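A short write-up of the structure that comes next.
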Amino acid sequence: MKIPEPDAAEPAESQACTWYLTRFFLLRFLGLVYAVAFLVAARQIVPLIGEHGLTPAGTWMALVQDHFGSRSQAAINVPSLFWIGLSDHLLVGVAWAGFALSLVVVAGYANAIIMAVLWATYMSYVHIGQIWYGYGWEIQLLETGFLAIFLCPLLDPRPFSRCPPPIFILWLYRWLGFRILIGAGLIKLRGDSCWRDLTCLYYHYETQPLPNPLSSYLHFAPHWFQKFGVIWNFFIELIVPWFCFGPRLCRHIAGLLLISFQFTLICSGNLSFLNWLTIVPFIACFDDSLLRRITPAFILRHALGASADPLPNATYTVVSACVVLLVAWLSISPVLNLLSGSQVMNGSFDPLDLVNTYGAFGSVGRERNEIIFEGTRDDLITSHTHWKEYEFPYKPGDPMRRPPVITPYYGRLDWQIWFAAMASPHEYPWTLHFVWKLLHNDPGTLSLLANNPFPEGPPHYVRARLYKYKFAPPGDPAWWHRTLIGDWLPALSTSDLEETIQAQPWLEE
């Protein structure tokens, strides 16, 4: 069999029904997102939900088991492989194993078994991760990863198996991308009034969870530019997704617009791996007739070889059709949610998070508040007490420090501190445990921070102060200007917190 050269012309009819490069790029990109997700888990999971973490998973799982009456019922309602066993070594070891397996997918090797292992493993973290895994992109990764199980052959892991990619699954990816963006657009229309009067971007770049250096420049852009950005956002989220289901040219244009929009969001702030993940379903808008134009020759040669001698599998087709029926059935509740005037963002309607509802930034803060934790080794608190600040690795703290560029990586503690700054300590009780850890120079907790101001010994008191942060104008040597609002937590010592800590389920042993 003679394999066509990469630059050989192919009839449009044959190009229209080949999706080998689509599958290749989609799985590689998903593997990259999985790798980042497992890397975040490997580096942060133990101090967050480990045996002596801020909210220990073991204690939480015991409460879930009591709620459902038995371990088996708890496992059915909150599926996780960690019901079989849980330890700090297991939490870290499984995460590193998931990271390594994700790199195998990035390298080009994937089959249904590999993708199923990645999906089940990551789901196990999401379902016991509590608030640290309560973000919309976590269930979005689960839904995206579930579909990938059926995109590749059961056993053959080669980058270009002769088994043709199932078009049914690619349509489900477009359906996923459609729901993600339509949900995001509708929640904005129904939510904060600043979206409707086109002023939300006056505030968003400054008040988003983890700004980057470009966020500052975008914040000071002219108001006409900000208003155009809102209009463009609505066009991309509410109009363009419909063309994902159109003929080839419409799909290609829609895919290019949708993916380029995600890259603009990636450049504007550190929004974890959310936008990287959202690119994945829109790769399904492209077929090989377009992708072959940007594919390196050595890769294209293998793709053309597989597509020139396909090996259809009837079982594969039947399974794909069954997945379509399952997704159609599970889509009823998300669609009703989209149509509802009381639309919910980022919710799941089944225990496995197979088909979910999505949305982002339904409301936008007008001011940015930041919690700054401080400690002192002074034995007595006076007006002359010397306080030292704890610096977080990613969120704003020192006004002179440049915001980092970390996407698609992110710090789960930094994100939760951003949420906590918009609420009270009563709504975030784990922050008292965080202070307790700082009072003991806990190595795990300190590993989540950028510095330890007290290497010589733990502080005697820790407090949390609330500041208003504003981007410093262009030309200012600082990145932020901040104004003290007041105490978020008063100065607390070990003796102040001992009774509270003992009354909570995260009791230290």
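The values are calculated or read from the model by the stated rules, or taken from the named source; none is laboratory data. A quick note: this is a predicted structure, and the numbers were derived from the prediction, not measured. Virtual Cβ from ideal backbone geometry, glycine too; neighbours counted across all protein chains shown.
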Please count how many residues of the range 147-160 are in contact with a Leu (Cβ under 8 Å, 6 or more places away or on another chain) and surrounded by fewer than 23 Cβ atoms within 10 Å (Cβ to Cβ). 0
Would you say Gly93 is at pLDDT 95 or above, surrounded by 14 or more Cβ atoms within 10 Å (Cβ to Cβ) and either in the same structural domain as Tyr173 (by TED's automatic domain parsing) or farther than 30 Å from Ser447 by Cβ (or both)? no
Give just the number: which of (1) part of a helix (DSSP H, G or I); (2) surrounded by fewer than 20 Cβ atoms within 10 Å (Cβ to Cβ); (3) touching a Gly at 6+ places or on another chain (Cβ under 9 Å) does Leu189 not satisfy? (3)
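Working only within the range 100-134, note down all residues that are among the aliphatic types (A, V, I, L, M), part of a helix (DSSP H, G or I) and buried (at least 20 other Cβ atoms within 10 Å of the Cβ).
Let us first name the residues in the range 100-134 that are among the aliphatic types (A, V, I, L, M), namely 100-101, 103-107, 110, 112-118, 120, 123, 126, 128, 131.
After this cut, where a residue has to be part of a helix (DSSP H, G or I) as well, the list is 100-101, 103-106, 112-118, 120, 123, 126, 128, 131.
Of everything in the range 100-134, those that are among the aliphatic types (A, V, I, L, M), part of a helix (DSSP H, G or I) and buried (at least 20 other Cβ atoms within 10 Å of the Cβ) turn out to be Leu101, Val105, Ile114, Met115, Leu118, Met123, Val126, Ile128.
Hey, among Leu201, Leu181, Leu170, which residue is farther than 30 Å from Ala148 by Cα and either among the aliphatic types (A, V, I, L, M) or surrounded by fewer than 23 Cβ atoms within 10 Å (Cβ to Cβ) (or both)? Walk me through it before giving the result.
On the way: Leu181 fails: farther than 30 Å from Ala148 by Cα; Leu170 fails: farther than 30 Å from Ala148 by Cα.
Criteria check complete, one pass: Leu201.
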Could you list, ordered by first residue, the pairs with Cβ atoms under 6 Å in which the first is in the range 413-427 and within 14 Å of Leu466 (Cβ to Cβ) and the second is among the acidic types (Asp, Glu) and modelled with pLDDT of 95 or more, at least 6 apart or interchain? Ala421/Glu370
The range 434-447 - residue that is under 27 Å from the mean Cα position of the chain (by Cα) and surrounded by 21 or more Cβ atoms within 10 Å (Cβ to Cβ) and, of those, nearest to Gln44 (Cα to Cα): Thr445
Name the residues in the range 291-345 that are part of a loop (DSSP other than H, G, I, E, B), touching a residue at least 24 places away in the same chain (Cβ under 8 Å) and not basic (Lys, Arg), would you? Thr295, Asp309, Pro310, Leu311, Pro312, Asn313, Ser331, Gly341, Gln343, Met345
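Is it the case, given these coordinates, that Phe454 is farther than 27 Å from Thr207 by Cβ and either of a type outside the set (Phe, Trp, Tyr) or out of contact with any Cys (no Cβ under 7 Å at 6 or more places or on another chain) (or both)? Break it down stepwise before answering.
Working: farther than 27 Å from Thr207 by Cβ: yes; either of a type outside the set (Phe, Trp, Tyr) or out of contact with any Cys (no Cβ under 7 Å at 6 or more places or on another chain) (or both): yes.
It is true that Phe454 is farther than 27 Å from Thr207 by Cβ and either of a type outside the set (Phe, Trp, Tyr) or out of contact with any Cys (no Cβ under 7 Å at 6 or more places or on another chain) (or both).
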One residue from Pro474, Pro458 being of a type outside the set (Gly, Ala, Ser), assigned to a loop (DSSP other than H, G, I, E, B) and surrounded by fewer than 16 Cβ atoms within 10 Å (Cβ to Cβ): Pro474
Do we have any residue at all in the range 461-480 that's at pLDDT below 95, hydrophobic (A, V, I, L, M, F, W, C), more than 25 Å from Leu39 (Cα to Cα) and assigned by TED's automatic domain parsing to the domain that holds Thr376? no
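For the range 304-315, which positions are buried (at least 18 other Cβ atoms within 10 Å of the Cβ) and either among the polar types (S, T, N, Q) or closer than 14 Å to Cys152 by Cα (or both)?
First, pick out the residues of the range 304-315 that are buried (at least 18 other Cβ atoms within 10 Å of the Cβ): 304, 306-307.
Those that are buried (at least 18 other Cβ atoms within 10 Å of the Cβ) and either among the polar types (S, T, N, Q) or closer than 14 Å to Cys152 by Cα (or both): Ala306, Ser307.
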Could you count how many residues in the range 74-92 are of a type in the set (S, T, N, Q) and more than 24 Å from the chain's Cα centre (by Cα)? 1
Quick check on my filter: what residues within the range 404-429 are more than 17 Å from Tyr390 (Cα to Cα) and assigned to a helix (DSSP H, G or I)? Phe419, Pro425, His426, Glu427
Given the conditions (1) in a loop (DSSP other than H, G, I, E, B); (2) touching a residue at least 40 places away in the same chain (Cβ under 8 Å); (3) under 30 Å from Lys468 (Cβ atoms), which single one is not true for Pro164? (3)
Would you pick out the residues in the range 353-384 that are surrounded by 16 or more Cβ atoms within 10 Å (Cβ to Cβ), in a loop (DSSP other than H, G, I, E, B) and out of contact with any His (no Cβ under 9 Å at 6 or more places or on another chain)? Leu354, Val355, Tyr358, Gly359, Ala360, Gly362
Any residue in the range 104-116 that is under 26 Å from Pro429 (Cα atoms), at pLDDT 95 or above and over 21 Å from the mean Cα position of the chain (by Cα)? no
In contact with a Ser or Thr (Cβ under 9 Å, 6 or more places away or on another chain), assigned to a helix (DSSP H, G or I) and outside the structural domain of His481 (by TED's automatic domain parsing): which single residue out of Pro281, Pro241, Pro209 fits that description? Pro281
